[in-house]
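Structure first, commentary second.
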Amino acid sequence: MIDIRYYCDENNDDISLKIKHAEVNQTSKCNTPLTKLPASLKKMITETNLGGVILFSENLENIDQIIELTNDLQLAAKASSLKSPLLISIDQEGGRVARLPRHLSTPFTGNMSIGATYAKHGEKYATQSATVIAKELTALGINVNHAPDIDVNMNPNNPVINVRSFGEDPLKVSILGAAQVRAFQAKKLIATIKHFPGHGDTNVDSHSGLPLVTHSLETIKNIDILPFKQIIAKAPPGMIMTAHIQYPALDNSTFTSKHGEVMIKPATMSYEILTTLLRKELNYKGVVITDALDMAGVSDFFTPTQAVINTFSAGADIALMPLKIRTPQDIMKLKQLIQDISAAVKSGLLDKKEFSLSANRIFSLKTEYKLSEAFSSNIKKMKLKAKATLANKNHLHVEKSLAKNAITLLKNKNNNLPLTVESKPNIHLIMPDQSKCIALKYYLLQHAPFKLTCTNLLVNDSTYAKRHIEQADIVIAGNISPLQSPVETGGVEDLTREDVNKNIKQASGQLEKLLIFTKSINKKAVFISLRAPYDVTRFESYADTVLASYAYNTDITEDGQKVTSAAFYALANALVGKAEISGELPVTIYPSNEVEKNK
């Protein structure tokens, strides 16, 4: 299963010279988003009997374009000798990991916000959000969603999972994950639970390194693996995605990297983990797909051929993104990779029987979900249906309802909330960037003509901020933590986005200074954790009121006149008392008696 995120054809003048002079083992740099399937890729799909593709936000512009792209992909597969429909996949978890354009779809506020609603609403929002996502994806011709993430987030410093997790309780994660799998697959969308055997207690992002989990077998059994075991038994998913993580308690065997280093095998390449544990002990019958093989947790240590052979030997059925397809030159690399795998089967390096079982599992999955129906799609009807489905009134209502019910009150010592609308207080906002300023202002002003000013922390103008803090009746400040992971924007090609994380880190430092100043002049303050709520322990002493929203995603028109943000809509309602604040923390940030004392 390859990604076609960017592609530069031979008729692209910007890259033709680079391709002509490129070395055989190099990939020419290409940053042109692929939104229409070129002839060279159509031919590649047909000639190679490709199994699937994964789409990213760069591939997705508007409803008509997306449907035309997915249809062209399937027609290319129809013309192949196998005539096997493509698995067309996407990462549409909701919240921070959502590939569909936010203004076109219903992106939701993510898994941790669903976890925050569990105490009062149980499975309700897990089921409703997954149902909406499934309707929207299938309407576009997408048949696989690499969701839900069922990692149990035990580590406050986890850089890649955090709010993508339902929480830290493995039983609740199991229940909510199973509800989403059922809802996805009831609407004929293949679900993928991830990342086996668990990515919840890591402090390294496998996009940029190889994490090591040192849990005991008891901890692995009772926490990491429990959601996978429960869901396999109660709501079997079409796919399970592996993790590029070392688990020595499960398998301490080693490999020698392409640089000659001897290292513990990651789960993606472990027969003990993927076959003995997942297949035999947990009795999983479905398709095992690797996490992206171009991630540093694999690509730093293996060539593409080595990576694929090792994952197939371990028991994986689908190799996800084993190499980049960015130019016609890369098509030759893919064909060579396929030849290498074929040779490995013929030589006995890969077991022929196991290889056939993998192929049968994939074909059975495609048949079960009737993917070949895509070969006879009526494009005109698909477009009409999709336009009536995506981001429709009912879907947006579910999104707002989830966001409102997720808001969590962690502290309200001096009853700063709700804001007194009648007195029209002078409010100064301190937000991580301008879009959050615009969004919270937009939704607060729908309730009352507040006098609102805002400090954009990226501008870092402390003189402006302090002047308005002094004039304010109340200060409302928001923070984003932890730093962004490449998975949020697409993958390892975003590892160069260091500027984003640098700015977020600087903004948090500036925020702390301004909150200290706010407290020193005895101003009322509200702190909002806009992402993983672990940052509350850093900032709560500066504010009498603390809220958690678990999300901050915002879509703003170029003129700034229209704002769409379920998270800020929900926050505004909570701040003015128009919605009951009923969310409960799905993770531990400080002892429970401290929570009660603060309230």
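Exactly one residue among Ala566, Ala548 is in contact with a strand residue (DSSP E or B) (Cβ under 7 Å, 6 or more places away or on another chain) and crowded, with 24+ Cβ neighbours inside 10 Å, and that residue is Ala548. Do we find a residue being modelled with pLDDT of 95 or more, among the aliphatic types (A, V, I, L, M) and either within 16 Å of Ile240 (Cβ to Cβ) or touching a strand residue (DSSP E or B) at 6+ places or on another chain (Cβ under 7 Å) (or both) anywhere in the range 123-132? No, every residue in the range 123-132 fails to be modelled with pLDDT of 95 or more, among the aliphatic types (A, V, I, L, M) and either within 16 Å of Ile240 (Cβ to Cβ) or touching a strand residue (DSSP E or B) at 6+ places or on another chain (Cβ under 7 Å) (or both). Could you say whether any residue in the range 403-422 is over 22 Å from Ser520 (Cα atoms) and free of Cβ contacts under 8 Å to residues at least 40 places away in the same chain? Yes, the range 403-422 contains a residue that is over 22 Å from Ser520 (Cα atoms) and free of Cβ contacts under 8 Å to residues at least 40 places away in the same chain.
Taking strands (runs of 3 or more DSSP E) that fall entirely within the range 34-128, which contain at least 1 residues that are crowded, with 22+ Cβ neighbours inside 10 Å and among the aliphatic types (A, V, I, L, M)? Walk me through it before giving the result.
Numbers: elements: 52-55, 87-90, 92-94.
Fully inside the range 34-128 and qualifying: 52-55, 87-90.
Regarding the range 160-169, can at least one residue be identified that is surrounded by fewer than 24 Cβ atoms within 10 Å (Cβ to Cβ), touching a Phe, Trp or Tyr at 6+ places or on another chain (Cβ under 9 Å) and among the hydrophobic types (A, V, I, L, M, F, W, C)? No. Quick check, is Glu584 assigned by TED's automatic domain parsing to the domain that holds Asn415 and at pLDDT 95 or above? Yes, satisfied. Here the condition is being among the hydroxyl-bearing types (Ser, Thr, Tyr) and over 24 Å from Lys383 (Cα atoms); of Ser89, Ser105, Ser129, Ser81, it holds for Ser81 alone.
Does Lys411 satisfy being buried (at least 16 other Cβ atoms within 10 Å of the Cβ), among the charged types (D, E, K, R) and over 24 Å from the mean Cα position of the chain (by Cα)? Answer is yes for this residue. Filter the range 336-381 for residues that are outside any helix (DSSP H, G or I) and out of contact with any Gly (no Cβ under 9 Å at 6 or more places or on another chain); which is surrounded by the most Cβ atoms within 10 Å (Cβ to Cβ)? So the residue we want is Leu350.
Taking each residue of the range 428-443 that is assigned by TED's automatic domain parsing to the domain that holds Arg531 and looking for partners that are of a type in the set (Val, Ile, Thr) and part of a helix (DSSP H, G or I) with beta-carbon atoms closer than 7 Å, six or more apart or interchain, yields His428/Ile469; Pro432/Ile504.
The values are calculated or read from the model by the stated rules, or taken from the named source; none is laboratory data. Everything numeric here is computed off the predicted structure, so don't read it as measured data. Note that we place each Cβ from the backbone using ideal geometry, even for glycine, and neighbour counts take in every protein chain shown.
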